[in-house]
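Here is the structure we will look at, set down as structure tokens.
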């Protein structure tokens, strides 16, 4: 009986120590969970603050006519920024027409035909390097190549600058999309007698298409919001664009120009243009995520 009591006491103490340790560990885990959740919400504060400020100041002038009318003269009210929307759309389209085929074809080559060659490694290195280069450098490049050659700022020059910005994003995301296609699909295609080109065109690219489209949309969102390259290469135009070889208006440059004017109406219109640009970029990013999610299913 005495032996049972003597062994029960240490067990009780051990259970108490273990219980205290469990409570301490639970308190530690709970504290860190609360801290992590709090920091996660804290990271959202700047984003929601920006969105709230842009919406609050941009909504008052958000009317259908701002998309169909030209900017007012300094100090006057009325008008819109339809020409800036037009110019942004045209230059982004030009940029995508240049960068999309180049990016996709380059990714196909370095992933399907010569993945370990020196050229493939060089292309990957340059693409990753371009993603970190300031956008103004791309603007200076397009200025030197296109603007100085043609003698004038133009929508073509602006589109070229945006193409340089979009190209690495499209190339790298396309390469990752191609890497995500199972090797068994390629082997099955070869087993049926298909050539390399047929396998790429009929098997690999269709399976990678959703992820490729996601990369193109992300590149579109980035290009649409750039200011410095467009300011260098396309300048600005107060009127509707009638030729690709003349200066073009853009939302980003209009926001920059109007926000620096000492007139309240122009500043207000800059906020409205910011809201429109924010909505376009957000919609593009959401669409890209939806396309990618549906493609994974």
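No lab work stands behind these numbers, since they all come straight from the coordinates. Computed from a prediction, not measured in an experiment: that's the story for all the values here. No Cβ is skipped: glycine too gets one built from the backbone with ideal geometry, and neighbour counts run over all protein chains shown.
Observations, loosely collected:
- On full extension, the segment bounded by residue 65 and residue 267 gains 71.0 nm, given 0.36 nm per residue less the C-alpha separation.
- Per residue, the average separation of C-alpha pairs within less than 8 Å and at least 6 apart gives the chain a relative contact order of 24 percent.
- log10 of Debye I(q)/I(0), alpha-carbon scatterers only, for the chain at 0.06, 0.15 Å⁻¹: -0.34, -1.16
- Protection proxy ranking of 129-135, 90-96, 35-41, 209-215, by the mean of other Cβ atoms within 10 Å over each peptide's residues and highest first, is 90-96, 209-215, 129-135, 35-41.
- For the chain, the longest principal axis of the alpha carbon atoms and the long axis of helix 118-132 meet at an angle near 80°.
- Shape category assigned to the range 14-121 from the gyration tensor of Cα positions, a/c cut at 1.5: oblate
- Stretching residue 202 away from residue 21 to a fully extended chain increases their span by 59.1 nm, per 0.36 nm per residue minus the current alpha-carbon distance.
- Between the range 195-242 and the range 37-79, the alpha-carbon center distance in angstrom: 26 Å
- Among 198-208, 64-74, the order from most to least packed when residues are scored by Cβ within 10 Å on average: 198-208, 64-74
- Comparing mean-square fluctuations of 187, 175, 56 from a GNM of the chain with C-alpha springs under 10 Å, the top value falls on 187.
- Using alpha-carbon coordinates, inclination of helix 205-224 to the longest axis of the chain, degrees: 60 degrees
- Of 105, 167, 47, the one that fluctuates the most in a GNM where the chain has Cα springs shorter than 10 Å: 47
- Peptides 234-241, 147-154, 272-279 ranked from most to least packed by the mean count of surrounding Cβ atoms within 10 Å: 272-279, 234-241, 147-154.
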